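The values are calculated or read from the model by the stated rules, or taken from the named source; none is laboratory data. For clarity, every value in this text was computed on a predicted model and none was experimentally measured. As a convention, Cβ positions derive from the backbone with ideal geometry for all residues, glycine included, and neighbour counts pool all protein chains shown.
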Amino acid sequence: MQAKSKLYARRLRGDLDLGLEPARISVGDRRWAEILTPGGRLPGGVEQGILEVSLAQNYRLGTRRVVADRTYRYMRADTAYLLRAAYGVYPNITYAETGTAFADVAAGAYTVTLTAVAAVAVNEFAEGILSVEGGAGYGTNYRIKSNTVAAAPGDQFIVTLWDPIVLGLTAVTEVITLFHSPWRNVHCIAEEIAAGVVANLSLTSVIGIPNRFVPVSNYFWGQTWGPCMVIPAGGAEGVAVNERMMAFQEDGVVTRARYEVVGVLDMQIAGWVLPVTTAGAMPGLLEIMLEITP
């Protein structure tokens, strides 16, 4: 019997402008075509524009959206501090849940039962990673689809995976670590510094740039690639000869990635300066070609 064929496609929105007839070219209100991660919209979710924020989740975390020359990921803002526009934001990921499988798990299974190290909320680890250490499956990692609740440490909860277990898990032998989705709890280090919260200072990586201020707990589209406005650290970035590459400073602004400055080579590259800077520093914001995640 012939096997079923599969169709892999991206969701398209807007006008593709495939024709060259003058009538199509002259219409000025057609939207750019957009590419969305397949299946990114949640059941019951509504359309959420690039500059819109929402307390309700409309897409799966990490959904990729490509609009013209820019790429975005769907994220959720910190529950305590807002996110500043044009500042780099970081994912608040920790080694959250480490333990062993409550019972053996056979190859081919999609669920793993774990004993909670701390209380776990429903779907807290959705779109995160289940990592295996020890045993034959050492180093294997799985994307998490959902999880049930664990009201207190010691309670059992079930993690459902997008893909089946490839090598069976043995209780006590394998160590299971769950990692939250990097897009689930995004923080603005500049806001934290202003509030006197410095525990994570110099220990974070930038995951995206909000194109607008984002209120606490709101879902939004964070830019990860393409032309982007950012905050320059000193105001003269790109002015010196051949000074084009920018790196993220510890507070989420960009600074010069110069080889002669101690420590700068260890910083995360942000991208390169776009404007010609013959006339000197740009007033206010700096436009760069952002290079985090395409």
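When you check ALA56 against the structure, is it of a type in the set (A, V, I, L, M, F, W, C) and modelled with pLDDT of 95 or more, yes or no? Outline the logic, then answer.
Numbers: of a type in the set (A, V, I, L, M, F, W, C): yes; modelled with pLDDT of 95 or more: yes.
Yes; evaluated as a whole, the condition is true for this residue.
When region 120-148 is examined, which residues are found to be more than 18 Å from ASN185 (Cβ to Cβ) and part of a loop (DSSP other than H, G, I, E, B)?
Of everything in region 120-148, those that are more than 18 Å from ASN185 (Cβ to Cβ) and part of a loop (DSSP other than H, G, I, E, B) turn out to be GLY134, GLY135, ALA136, GLY137, TYR138, GLY139, THR140, THR148.
Looking only at residues that are buried (at least 22 other Cβ atoms within 10 Å of the Cβ) and under 30 Å from GLN268 (Cβ atoms) in region 88-114, which one is modelled with the lowest pLDDT?
GLU97
Based on what the data block shows, is VAL117 modelled with pLDDT of 95 or more and in a loop (DSSP other than H, G, I, E, B)?
Working: modelled with pLDDT of 95 or more: no; in a loop (DSSP other than H, G, I, E, B): yes.
For VAL117, the condition - modelled with pLDDT of 95 or more and in a loop (DSSP other than H, G, I, E, B) - is not met.
Report whether or not GLY252 is surrounded by 16 or more Cβ atoms within 10 Å (Cβ to Cβ) and in contact with a helix residue (DSSP H, G or I) (Cβ under 8 Å, 6 or more places away or on another chain).
Working: surrounded by 16 or more Cβ atoms within 10 Å (Cβ to Cβ): yes; in contact with a helix residue (DSSP H, G or I) (Cβ under 8 Å, 6 or more places away or on another chain): yes.
Taking the combined requirement at face value, the residue satisfies it.
List pairs: first in region 204-230 and within 18 Å of GLU191 (Cα to Cα), second surrounded by fewer than 24 Cβ atoms within 10 Å (Cβ to Cβ) and basic (Lys, Arg), Cβ under 7 Å, 6+ apart or cross-chain?
Within 7 Å, the pairs are PHE213/ARG84; TYR219/ARG76.
Consider ALA270 carefully, then state whether it is buried (at least 21 other Cβ atoms within 10 Å of the Cβ) and among the small types (Gly, Ala, Ser).
Values: buried (at least 21 other Cβ atoms within 10 Å of the Cβ): yes; among the small types (Gly, Ala, Ser): yes.
So ALA270 passes the test.
Checking the condition surrounded by fewer than 14 Cβ atoms within 10 Å (Cβ to Cβ), in a loop (DSSP other than H, G, I, E, B), at positive phi and not assigned by TED's automatic domain parsing to the domain that holds ASP104, which residue from GLY196, GLY154 passes? Before you say what the answer is, go through the steps one by one.
Numbers: GLY154 fails: not assigned by TED's automatic domain parsing to the domain that holds ASP104.
None of the other options fit; the residue is GLY196.
Looking at region 199-234, which of the residues that are closer than 18 Å to MET267 by Cβ and in a strand (DSSP E or B) is farthest from the chain's Cα centre (by Cα)?
First pass over region 199-234, keeping only residues closer than 18 Å to MET267 by Cβ: 200-209, 224, 228, 230-234.
This time we only want the ones that are in a strand (DSSP E or B), so: 208-209, 224, 228, 230, 232.
Values: GLY208: 7, ILE209: 10, THR224: 8, CYS228: 16, VAL230: 18, PRO232: 22 Å.
So, considering only residues that are closer than 18 Å to MET267 by Cβ and in a strand (DSSP E or B), the one farthest from the chain's Cα centre (by Cα) is PRO232.
Restricting attention to region 136-195, which residues are acidic (Asp, Glu) and out of contact with any strand residue (DSSP E or B) (no Cβ under 9 Å at 6 or more places or on another chain)?
Residues of region 136-195 acidic (Asp, Glu): 155, 163, 174, 191-192.
Result: GLU192, single match.
Out of everything in region 177-196 that is aliphatic (A, V, I, L, M) and touching a residue at least 60 places away in the same chain (Cβ under 8 Å), what residue ends up being nearest to PRO294 (Cα to Cα)? Write out each step before concluding.
Initially, region 177-196 is screened for residues aliphatic (A, V, I, L, M), giving 178, 186, 189-190, 193-195.
Right, trim to touching a residue at least 60 places away in the same chain (Cβ under 8 Å) and you get 178, 186, 189-190, 195.
Numbers: LEU178: 25, VAL186: 18, ILE189: 23, ALA190: 25, ALA195: 32 Å.
This residue is VAL186.
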